[in-house]
Structures are given as structure tokens and as C-alpha cells.
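Below is one structure, written out as C-alpha cells; the observations come after it.
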Protein chains: 2
Amino acid sequence: MPIRSRIRTIPDYPKPGIQFRDVTTLFQDATGFRLAVDELLKTYQGVAIDKVAGIEARGFVLGGAMAHQFECGFVPVRKRGKLPWQTIGRDYALEYGTDRVEIHVDAIAPGERVLLVDDLIATGGTAQAAVDLIEEAQGIVIGCCFLIDLPDLGGSRRLEARGYAVHSLCQFEGE
Amino acid sequence: MPIRSRIRTIPDYPKPGIQFRDVTTLFQDATGFRLAVDELLKTYQGVAIDKVAGIEARGFVLGGAMAHQFECGFVPVRKRGKLPWQTIGRDYALEYGTDRVEIHVDAIAPGERVLLVDDLIATGGTAQAAVDLIEEAQGIVIGCCFLIDLPDLGGSRRLEARGYAVHSLCQFEGE
């Protein structure tokens with residue numbers, strides 16, 4: 001498990017009972033980072049992709065590397081109020097309150113094939129909001145990929161139930 | 001100017017008199033993004049690099065692509081309170097008040113050769129704080145690179161005066 005073993009687990013962060021999966025230890029490891037990106041690239045080898053959409057902020061690191069290798073565009077899916085131009089946005093529920101992701105109105109052209117990427121999928125609220133945004137821009141979501149899936153939290157299952165192809169490099173469950 | 005012409009200028013953002021240079025139009029353009037990353041890579045061809053340090057958040061997009069191609073580690077230089085593990089940090093002055101950048105205490109090992117990357121250098125406050133952090137971790141800053149330099153604001157000149165090699169792909173001045 002050359003990828004999984006390079007991810008640091010921080011107990012009780014950001015609050016008691018949560019095991020935080022910290023990918024910075026994977027990113028800062030030359031072999032680990034290379035392997036992780038290459039594994040994600042391999043999954044979509046031969047697939048036509050117009051844009052990689054990366055979710056702020058760790059999805060930017062992976063998405064930048066992937067878009068460069070696919071020779072396609074990169075679209076940042078950002079938190080509320082971070083983009084400087086006209087945006088479309090989607091709210092999604094948090095444990096308390098809501099959050100919002102946004103893309104520029106001209107980030108994706110109708111019919112473009114978009115791959116969504118983030119470091120981790122848990123309940124999938126952010127990913128689902130991002131997928132909805134891409135479709136609002138009339139992009140076609142050709143897949144959603146993550147380094148880590150927390151299957152107990154059901155996010156990947158929910159995306160799959162909506163018909164999206166989900167791929168993750170490793171799972172942490174029942175811990 | 002295949003790179004410069006793909007950068008969108010947003011007048012009076014975030015406040016009157018500021019011409020904001022928006023790199024999302026470059027990033028989302030397959031040719032432009034590829035060219036920009038490849039130009040940055042070419043600058044450091046044959047140079048030994050252990051880590052690329054990218055400044056949050058647009059530096060993550062470039063830095064991820066560069067670290068993957070250099071087959072080295074990627075270190076996120078993040079804003080205050082974003083990193084989950086023990087950090088070292090540097091405050092730097094803003095027009096009003098201060099801000100802070102942080103890296104994990106174990107992000108850089110003593111003697112590692114680190115390349116700093118961000119989308120833009122203006123006054124250079126963030127970049128200088130990042131350079132100081134890398135050196136506090138006993139890393140060796142082998143260069144600082146940016147898509148855009150705003151030379152009127154003096155940041156690149158100040159970094160060079162401190163002995164750092166600065167490289168940028170395009171400049172916007174006197175506008």
C-alpha cells in the first residue's frame with residue numbers, strides 16, 4: 001500500500017472522534033506523490049477529457065498535475081467569494097449551516113467533458129455540489145476521482161447512485 | 001505572447017484602481033496551461049530539486065504539476081490555521097494588519113533544495129514570508145518562480161536583492 005501508508009492519520013482532529021487523513025505527508029514524498037498522480041492518470045488513460053475540475057484546495061494540487069498530463073484545461077472549484085469574475089454557485093449542507101462552491105461562468109463550455117478531482121470523499125456534499133455546478137454549465141461529468149474514500153460516510157455510494165463513475169485510490173473504513 | 005494574452009484583466013477588482021490579473025482563463029485553456037507549466041519546467045531543467053513549495057491556492061495548481069514532472073515532493077504553503085499538524089509560521093504585513101503563512105514542521109528536511117512557486121508576485125510579502133519559512137526549516141531556496149510579475153510593486157526586486165533567483169513568465173507594468 002505505497003499510497004495509503006504515506007497518509008498521516010491525526011486522531012481527534014478537527015474535533016474529538018474524528019480521524020483526520022492528512023495527505024500532506026503523501027504529497028511531500030517524491031515517490032508517493034508521483035505514484036498517486038500516476039495511478040489517477042492511469043484510470044483515465046485513453047478517455048477524452050476537456051477539463052479537470054479540482055476542488056479547493058488539495059484538489060488543486062492533484063488536478064493541476066493531471067490537467068498538465070492530459071493536456072487539457074484546469075478549472076478551480078472554489079469556496080464562496082474567492083473567484084474574481086462572474087460565477088455560478090451551489091450551496092450544500094454542512095453539519096451546522098451551509099457552505100458554497102463556485103466556478104466562473106465561462107469556466108466550462110457546453111458539451112465539454114469534465115473530470116472532477118479532490119483528495120478525499122466523505123459524505124460527498126462538496127463533490128455533489130461540484131457535479132451539479134458542472135452540469136449547470138452544461139458540462140458532461142465523465143468521472144469523479146479521489147485519493148481517499150471514507151465509504152462509511154456514503155459519499156461515493158451516493159454519487160454512484162446518481163450514475164457517476166467514482167474512482168478512489170484507497171479507503172479508510174470502520175476506524 | 002501566448003501566455004500573457006490568456007490572462008484576464010479585471011478592472012477595479014477587488015477595489016477601485018486595481019487591475020486584477022485573473023489566471024483562471026489561462027488555467028482553463030488547454031494550450032495555455034500546458035505552455036505555462038512547460039515554460040516553468042524548462043527554466044529549471046537539469047537543476048536538482050527536492051521539493052516544490054506552492055503558495056495557497058493558485059500556487060498549488062502550478063506546483064502540483066511541476067512536482068509531478070520533477071518527480072519530487074510537493075509542500076503546500078498555507079494560510080493561517082489550514083494545516084492539520086504542527087506548523088511553523090511567518091507573519092507578514094498587509095496594507096491593513098497582517099497575514100500569516102504556515103508549513104508543517106516536517107514538510108522540509110534540513111538541506112533539501114526547494115523551489116517556490118506562485119501565480120503572481122506583487123509586493124512580495126507572501127513570497128518573502130514563504131522563503132523565510134523554508135529557511136527556518138533549514139531548506140535551501142534554489143529559486144522563486146511566478147507566472148506574473150508586477151515589477152512596479154518591487155517584490156521580485158526585493159527577493160533578488162536578498163540573493164534569490166527569481167523567474168517570471170510575463171510582466172504587467174505601468175497600467
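Just so it is clear, none of the values below were taken in a lab; they were calculated from the coordinates. Being a predicted model, the structure only gives us computed values, none of them experimental. Cβ coordinates were reconstructed from backbone atoms using ideal geometry, including for glycine residues, and neighbour counts include every protein chain displayed.
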task: Just give me the residues in region B:144-153 being buried (at least 18 other Cβ atoms within 10 Å of the Cβ) and touching a strand residue (DSSP E or B) at 6+ places or on another chain (Cβ under 6 Å), in sequence order.
output: B:Cys144, B:Cys145, B:Phe146, B:Leu147, B:Ile148, B:Asp149
- prompt: If you take the residues of region A:102-133 that are closer than 25 Å to A:Cys170 by Cα and β-branched (Val, Ile, Thr), which of them is surrounded by the fewest Cβ atoms within 10 Å (Cβ to Cβ)?
  reply: A:Thr123
- prompt: Taking only pairs six or more apart or across chains, which ones have beta-carbon atoms under 8 Å, a first residue in region B:1-12 that is closer than 14 Å to B:Phe33 by Cβ, and a second residue that is small (Gly, Ala, Ser)?
  reply: B:Pro2/B:Gly32; B:Ile3/B:Gly32; B:Ile3/B:Ala36; B:Arg6/B:Gly32
task: Tell me which residues, restricted to region A:14-24, are within 8 Å of chain B (Cβ to nearest Cβ) and either assigned to a strand (DSSP E or B) or surrounded by 15 or more Cβ atoms within 10 Å (Cβ to Cβ) (or both).
output: A:Phe20, A:Asp22, A:Thr24
- request: Could you list, in sequence order, all residues of region A:41-77 that are facing another protein chain (nearest Cβ under 10 Å), closer than 17 Å to A:Glu136 by Cα and either hydroxyl-bearing (Ser, Thr, Tyr) or surrounded by 24 or more Cβ atoms within 10 Å (Cβ to Cβ) (or both)?
  value: A:Lys51, A:Val52, A:Ala53, A:Gly54, A:Val75, A:Pro76
task: Could you check B:Thr43 against (1) within 17 Å of the chain's Cα centre (by Cα); (2) without any contact (Cβ under 8 Å) to a residue 24 or more places away in the chain and say which number it fails?
output: (2)
Output for region A:78-112, where each listed residue is more than 10 Å from chain B (Cβ to nearest Cβ), of a type in the set (Asp, Glu) and within 18 Å of B:Val23 (Cα to Cα): A:Glu102
query: Do we have any residue at all in region A:154-172 that's in contact with a strand residue (DSSP E or B) (Cβ under 6 Å, 6 or more places away or on another chain), in a loop (DSSP other than H, G, I, E, B), free of Cβ contacts under 8 Å to residues at least 60 places away in the same chain and under 27 Å from A:Val47 (Cα atoms)?
result: yes
